[in-house]
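**Student:** Here it is, the structure in full.
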Amino acid sequence: MSPHRLDVLDLTAHRCRELLEAGDVSATELARLYLHRIAAVDGAVQAYLLVDEEGALAKAAAVDAKPRGERLPWEGVPIGLKDIFCVKGMETTCGSRILKGYHPPYDATIIGKLRAAGLVFLGKLNMDEFAMGSSTENSAFQTTHNPWDLERVPGGSSGGSAACVAAAEAPWALGTDTGGSIRQPASLCGVVGLKPTYGAVSRYGLVAFASSLDQIGPLTRDVKDAAALLDIIAGRDPRDSTSIGLPEPVGTPSRTDLEGLRFGVIKEFIGEACEPGVREVFDSAVEMISSLGGVCEEVSLPSVEQGIAAYYLIAPSEASSNLARFDGVRYGHRASGADDLYEMYTRTRSEGFGPEVKRRIMIGTYALSAGYYDAYYAQAQRTRTLIIRDFAGAFDRFDFLVSPTSPSVAFKIGEKTADPLAMYLSDLCTIPVNLAGLPGISVPAGFSQGLPVGLQIIGPHFSEKGMLGAAHALEQRLALPLVPPLAEVAR
Amino acid sequence: MTLIKEGWEAVIGLEIHVQLNTRTKMFCGCELSFGDPPNTHVCPVCLGHPGVLPVTNEKAVEYATRIALALGCRIADYTIFHRKNYFYPDLPKAYQISQYDLPLGIGGHLDVELEDGSNLRVGITRVHMEEDAGKLVHSGGASGRIDGADYSLVDFNRGGTPLVEIVSEPDISTPDQARAFLTQLRSLVQTLEVSDVNMEEGSLRCDANVSVRRPGAALGTKTELKNMNSFRFLHHGLESEIERQLEALESGERIVQETIHFDPASGLVSSLRSKEEAHDYRYFPEPDLTPIELDDAYVERVRQSLPELPAARKERLVAEYSLPPKDAGSLSANKPLGDYFEALAAATGDARMSANWVMGDLSGYLNAAGLEVTASAVSAEALAELLRLVSEGTLSGKMAKEVLEAMIDTGKPAGDIVAEKGMGQISDAGELDAIVARIVAANPGPAEEFRQGRDRVLGFFVGQVMKETKGQANPQLVNELLRKHLGGAG
Amino acid sequence: MISRKEVEHVARLARLHFDDEELARLQGELSQIIDYVQQLAELDLSGLQPTSHAVALKNVFRPDVPVQGLTQDEAMSNGPDVERGQFVVPRIG
């Protein structure tokens, strides 16, 4: 098959692999295909912070130099990486001015795994600064635009990753999820986004936002790809004390029905906050689940309503400590001409961090400071215990829980930036899942006002295999058209 | 409580940091370094790069447990690390991973033997684990100190080295007691072989919390006294700070809770006033590390592996070797020294003589050369050979000292040196008898004086015999033979 | 409501500088957020232990075995100001 008859819009990672294995396309041709696509549309989408054309082509050439029979399964398949992963020698900014020019002297563990698997790195993807945000508007460098409507946000913080996959600027991408940052942008951009169980994937080399909540996960065009990418990156890492890995590889999901499965519909997530259009799509999806043999019933998790409050104490507290290392001493931006150390620290950090990051550092520092720890941080961690219990109780009755991923479709760029608290409230459905360390996946469920709506499936700890199976069955049945009407615009 | 001055008592608590001698750092695989070029024993973890994570060194946990057990602490069922947050250039993550309200060991004690022979039981509040900071060098100022420096340089080789912090109860009342406590604590930790515990090198550090009060009154405001990096300075610093506080209180001032800096050059203490406010460390549990739950089996295993501690060894030396307690104490304070003594005693069969030589000439040589006994040029076996020559009478004590010096200089065995120098003490009674007889015969005058009762004349004859034998005659034998040949009173 | 003084104190702790306008805005935003999270302080959760780790693990260690680190050049490579193999910082006093 001649490469120029290949359309990126038809490609998933699995399809790329098949074509490479069959010799229908070379790794170099495939890389060029995506690089061309990026050149054509990223001017409008602005998903990429850095495109590594040279590196990608060099890697692709190395793959092509190997006889096909000797290649690893995924060798030569391109991938996009959220700019939050340390890639040795490649600029890693986390969407922040404070890390502009920072070249990590080491690879994140998952980056090592991707390299070993032979994947071709296309470049680094835009994100909310230090993963703090739900719209990717907090990036210090550029705002990413939703491929479904360029005047709207792609969601965040992995907005670049979601938009990239939606616009077919890579067959798949990696993002991170602390309070919904994979699932919510996946929902807003009409792609699949998976947050694995806390500890399934190593965090070594992931620039930390909230250590007890962060997880790395795939954003893909379909559930099969998400399963495959999860298997590549999952695993216990001796360099990450909190990592456990998965009990077994998830393999290729093949389920076609949902017979015998019980689904709990989380009452608190389909309340007033939910847009009517989203609610409609969600209800249809629930009907679809039933038609596939799944039994759906409403379940109440009363404590999830305190989830946002708990999250906005725990996450900023941990972040305020994690981000203290950005002090201008050993790497990153340093303010010039400071008279003394205190001035150097203060000006460096004030110049280098954006307003949302500063806001969260302030909240976190306050919550941990003398006299407030017990009322705020410790109390939030107790709330967490309550949330974990509620979920555990629900999983006694149900195999999986479902909800809309986001209470709204993609909002307009600039619409929510004036009100931080309003922005925080849009994470209602996703946050409790991180607090409990559970796996969650967003699959496209339909459209409202022409914009994608995602369905969230939540499973017990380490239930990824079953969860992906169920997601696959639903996805196959829904058979949604997932190509955004994106005109080609030269950068 | 011992009064520090008429009407006043001092209350002292010590905070000791012990740097462990594991192979690698507390939370990463970098090797510990000593005097290597800067930033050559570092990795992304101990440099605090974005994205890195700590992983706990299991050996450090074992060593910390040894220390806690040796101090009689209870080992916590559940112990966790906390982050202690503050900004300083030698702290790469801007937080130190330490322990806060769930430390590894609590509630122990150290029985301290004081100068007067009495015992002072000092409580140990807690023992916990943490990581060391990097090293800061201040440049451009006069004395290499912070004040007046233009800028500073940071080396992270030391950053991340495992530390064990030991906190004592404020059961200490005088600088002497503090010094005794630290000396004996050092000795205890040294026996465990988990640290070099060398104050000058920084593997043993000590800060003090000091306050004064009228006996029976509530505790006074305490200050934190820092920068005492030798036993002498600890003593001096405490003296100076207690004096400062007493002077202040007696002139109606109040003591401010602050950090006090000891200046070894002047012997004075001064307040470390900086424009920074009191630290708010914002402690919270370290989310990147798991809790540590050491079960009974583990604790027992570590307890079984503990060597004989100094207090127990001292008792045993008294019992087994009939040594006076003071000597036993000196020999058990330092494990290698005690080992040397016991090896020597076994080889010579004479504990008393062995003890005297170890505490005397051997220690003298080691101290002058600045060596630990493990680096002694003369092994216990070699010294045993020398002592055997003394017991046999081949060498006098005085000659043996000379031989020892030669052994140290040349590394040769005692026997070889004695042979080379022809130093064998003449103990052949027949040979000596002939010499003594000749000398007595040659000096009738002094011989007569001796017979008349002038005992001191014996010294003249001894001198003559020694001159004749180049000092190698066995003095005891000479004495006997002279009396025999001189006869008379005496 | 968080006082202006408290905001200034927290900013110092965090080594952040804000001008008057920013401080005023921040005071408002932080107060709003703290008022919101205040709802937690009212819950009676005294019977519950705080959760630090959602997925419980314990006793994760590494052996006391050296692992290759960075060369001095690599260590200094991102340093904004380095001298003789060390990181330079402005005067501390």
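Every read-out reported here was derived from the displayed coordinates using simple, explicitly stated rules and does not represent laboratory data. Treat the numbers as computed from the prediction; the structure is a model and nothing was measured. Backbone-built Cβ (ideal geometry, glycine too); neighbour counts: all protein chains shown.
**Student:** How many angstrom lie between the C-alpha centres of region A:231-287 and region B:163-181?
**Tutor:** Value for the Cα centre distance between the two parts: 58 Å.
**Student:** Would you calculate the separation in nanometres between label points at A:R97 and C:E42, each defined as 7 Å from the Cα along the Cα-to-beta-carbon direction?
**Tutor:** With each label placed 7 Å out from Cα toward Cβ, I get 4.0 nm.
**Student:** Next question. Kindly rank A:87-96, B:302-311, A:277-286 from highest to lowest mean number of other beta carbons found within 10 Å of each residue.
**Tutor:** Result, highest mean first: A:87-96, A:277-286, B:302-311.
**Student:** What does the highest-first list of A:60-66, A:106-112, B:110-116 look like by mean Cβ count within 10 Å? Don't skip to the answer; put the middle values down first.
**Tutor:** On the way: A:60-66: 16.6, A:106-112: 23.0, B:110-116: 14.6.
Order by mean packing, descending: A:106-112, A:60-66, B:110-116.
**Student:** Another question, then. Test of understanding: ordering A:T417, B:T394, A:T176, A:T430 by Cβ neighbours within 10 Å, fewest first, what list do you get?
**Tutor:** Values: A:T417 16, B:T394 20, A:T176 26, A:T430 30.
By the 10 Å Cβ count, ascending: A:T417, B:T394, A:T176, A:T430.
**Student:** Which value, in Å³ per residue, describes the convex hull spanned by the Cα atoms of region A:375-425? Mind showing how you got there, number by number?
**Tutor:** Working: hull volume 4.8 nm³, N = 51.
Here the figure is 95 Å³ per residue.
**Student:** Amide H to amide H, which residues 5 or more places from B:F284 or on other chains are under 5 Å from it, using H placed in the peptide plane?
**Tutor:** Sorted by chain and number, the residues that satisfy this are B:R83.
**Student:** Still on this model: Dipole magnitude of region A:250-386 about its Cα centre, charges +1 at Lys/Arg Cβ and -1 at Asp/Glu Cβ only, in debye to the nearest 20?
**Tutor:** Working: 14 positive and 19 negative charges, 140 e Å.
In debye, rounded to 20, region A:250-386 gives about 680.
**Student:** Next question, about the same structure. Please report how many Lys pairs in region B:3-300 have alpha carbons closer than 27 angstrom, counting only residues at least 8 apart along the chain or sitting on separate chains.
**Tutor:** Step by step, the pairs that qualify in region B:3-300 add up to 22.
**Student:** Evaluate the distance, in nm, between pseudo-label points positioned 7 Å from the Cα of B:D176 and of B:D150 along their respective Cα→Cβ axes.
**Tutor:** 5.0
**Student:** Binning every alpha carbon pair distance of region B:308-421 at 5 Å from zero, what are the percents per bin?
**Tutor:** P(r) over region B:308-421, rounded to whole percents: 2, 12, 24, 24, 18, 12, 5, 2, 0.
**Student:** Which of the lysines could be linked to A:K100 by a straight reach, that is with a Cα gap under 16 Å, when you skip same-chain ones fewer than 8 residues away?
**Tutor:** Output for A:K100: A:K82, A:K88, A:K124.
**Student:** Further question on the same structure: Would you tell me the mean number of C-beta atoms belonging to other protein chains that fall within 10 Å of each C-beta in C:14-25, as a whole number? Mind dumping the intermediate values first?
**Tutor:** Values: counts 18, 18, 11, 8, 3, 1, 0, 0, 3, 0, 0, 2.
Partner-chain Cβ atoms within 10 Å, mean over residues of C:14-25: 5.
**Student:** Tell me the relative contact order for region A:21-113 as a rounded percent, counting alpha carbon contacts under 8 Å between residues six or more apart.
**Tutor:** Details: 79 pairs, mean separation 19.9, N = 93.
It comes to 21 percent, rounded to a whole number.
**Student:** With θ set to phi - 60°, apply the Karplus curve 6.51 cos²θ - 1.76 cosθ + 1.60 along region B:432-437 and write out the HN-Hα couplings as whole Hz, x wherever there is a Gly or Pro.
**Tutor:** Result, rounded to whole Hz: 5, 4, 4, 5, 4, 4.
**Student:** In whole percent, what relative contact order does region B:308-421 give with Cα contacts below 8 Å and a gap of six or more residues? Please list the in-between numbers first.
**Tutor:** Working: 94 pairs, mean separation 21.8, N = 114.
Result for region B:308-421 is 19 percent.
**Student:** Bin all alpha-carbon pair distances of region B:435-490 at 10 Å intervals from 0 and give each bin's fraction as a whole percent.
**Tutor:** For region B:435-490, the pair-distance distribution reads 26, 62, 12.
**Student:** Once each part is reduced to its C-alpha centroid, what is the distance from region C:20-54 to region A:384-429 in angstrom?
**Tutor:** If we compute the Cα centre of each part, the gap is 18 Å.
**Student:** Show me the ranking of peptides A:315-328, B:80-93 by mean Cβ neighbours inside 10 Å, starting with the highest. Walk me through the numbers on the way to the answer.
**Tutor:** Working: A:315-328: 26.8, B:80-93: 22.4.
Per-residue mean Cβ counts within 10 Å order the peptides as A:315-328, B:80-93.
**Student:** Okay, next question. Tell me which residues come under 5 Å, amide H to amide H, from C:R62 once H is placed; ignore anything under 5 positions away on its chain.
**Tutor:** Correct list: B:T56, B:N57, B:E58.
**Student:** Still on this structure, please answer the following. Counting only other chains, what is the mean number of Cβ atoms within 10 angstrom of the Cβ of each residue in peptide B:54-60?
**Tutor:** Numbers: counts 4, 9, 5, 5, 6, 5, 2.
Partner Cβ neighbours, averaged per residue: 5.
**Student:** Expressed as an acute angle from 0 to 90° and rounded to the nearest 10, what is the orientation of the C-alpha long axis of helix B:457-468 relative to the principal long axis of chain B?
**Tutor:** Value to nearest ten degrees: 80.
**Student:** Given R₀ = 35 Å, what would the calculated FRET efficiency be for B:Y298 paired with B:L371, taking r from the Cβ atoms and rounding to 0.05?
**Tutor:** Working: r = 37 Å, r/R0 = 1.06.
The formula returns an efficiency of 0.40 here.
**Student:** Continuing with the same structure: For region A:161-216 and region B:298-365, compute the distance between their C-alpha centroids and round to whole Å.
**Tutor:** The two parts, judged by their Cα centres, are 64 Å apart.
**Student:** Ranking B:M26, B:M199 by Cβ neighbours within 10 Å, fewest first, what do you get? Mind showing how you got there, number by number?
**Tutor:** Working: B:M26 27, B:M199 18.
Placing the least packed residue first, the sequence is B:M199, B:M26.
**Student:** Residue by residue through region C:42-53, which ³J(HN,Hα) values in whole Hz follow from phi under the Karplus form 6.51 cos²θ - 1.76 cosθ + 1.60 (θ = phi - 60°), with glycine and proline marked x?
**Tutor:** 7, 6, 8, 10, 4, x, 9, 7, x, 9, 9, 10
**Student:** If you don't mind, another one. Please compute one quarter of the surface area of the Cα convex hull for the protein assembly as shown and express it in square nanometres.
**Tutor:** Numbers: hull surface 221.5 nm².
Mean shadow area of the hull around the Cα atoms is 55.4 nm².
**Student:** Pop out the ³J(HN,Hα) list for region A:315-326 in order, Karplus 6.51 cos²θ - 1.76 cosθ + 1.60 with θ = phi - 60°, rounded to Hz; leave Gly and Pro as x.
**Tutor:** 4, x, 4, 5, 5, 4, 7, 4, 8, 5, 5, 7
**Student:** Still on this structure: So who's got an amide H within less than 5 Å of the one on A:S403, skipping anything under 5 residues away but keeping other chains? H placed 1.01 Å off N, in plane.
**Tutor:** Amide H neighbours of A:S403: A:Q456.
**Student:** When Cβ neighbours within 10 Å are restricted to other protein chains, what is their mean count per residue of peptide B:94-104? Don't skip to the answer; put the middle values down first.
**Tutor:** On the way: counts 10, 4, 0, 0, 0, 0, 0, 0, 0, 0, 0.
Per residue, the number of nearby Cβ atoms from other chains is 1 on average.
**Student:** Among B:R74, A:R384, B:R244, what is the fewest-to-most ranking by other Cβ atoms within 10 Å?
**Tutor:** Working: B:R74 13, A:R384 30, B:R244 20.
Least to most surrounded, the residues fall as B:R74, B:R244, A:R384.
**Student:** Return a whole-number percent for the relative contact order of chain A, with Cα pairs under 8 Å and 6 or more residues apart as the contact set.
**Tutor:** Numbers: 1202 pairs, mean separation 91.7, N = 491.
Answer for chain A is 19 percent.
**Student:** May I pose another question? Summing -39500 (n - 2.57) over the DSSP H runs of n ≥ 4 in the protein assembly as shown and dividing by its residue number, what mean residue ellipticity at 222 nm do you reach, to the nearest 500 deg cm²/dmol?
**Tutor:** The per-residue figure over the protein assembly as shown is -12000 deg cm²/dmol.
**Student:** When we measure straight from the Cα of A:K416, which lysines land under 21 angstrom away, once same-chain ones fewer than 8 places off are left out?
**Tutor:** A:K358
**Student:** Okay, next question. Give the cross-link partners of A:K224 among the lysines, using a straight C-alpha distance below 17 Å as the criterion and excluding same-chain residues fewer than 8 apart.
**Tutor:** List returned: A:K195, A:K465.
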